[in-house]
1. Given the options Ala77, Ala83, Ala91, Ala10, name the one that is of a type outside the set (Lys, Arg), modelled with pLDDT of 95 or more and either on the phi < 0 side of the Ramachandran plot or touching an Asp or Glu at 6+ places or on another chain (Cβ under 9 Å) (or both).
2. Which residues, counting only those in segment 48-104, are among the polar types (S, T, N, Q) and under 26 Å from the mean Cα position of the chain (by Cα)?
Amino acid sequence: MKVIEEIRKAESEADEIVESARKRAQEVVSSARSNSARIISIREKEARISAEKILAQGREKVSVLREKLLEDGRLRAAEVFKAGQRRKEKAVAHVLESFGEFVK
């Protein structure tokens, strides 16, 4: 009988060891999942921040280029306007000269 009691005690201890190991395995898996989720969250935040910085740099470059193009356009428009004014003055002078010859 003593042997049977020892066997039962050993089985009981083995069951406790197995149950303890299962609980520990679940804790490890749970901890790993939690850590993975935390790391993923951190990396996603870092990626978002990096993307925002890249977009901000791109917007700045576009803004600088836009301003340069606008300034170039303004300068070109001013040149065209001046050229038009000179041509207008020449045209008026030519019309007056032609009209003066016609009237004579």
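The values are calculated or read from the model by the stated rules, or taken from the named source; none is laboratory data. The structure displayed is predicted, hence computed values, not measured ones. Neighbour counts run over all protein chains shown; Cβ positions are idealised from the backbone, glycine included.
1. Ala77
2. Ser50, Gln57, Ser63
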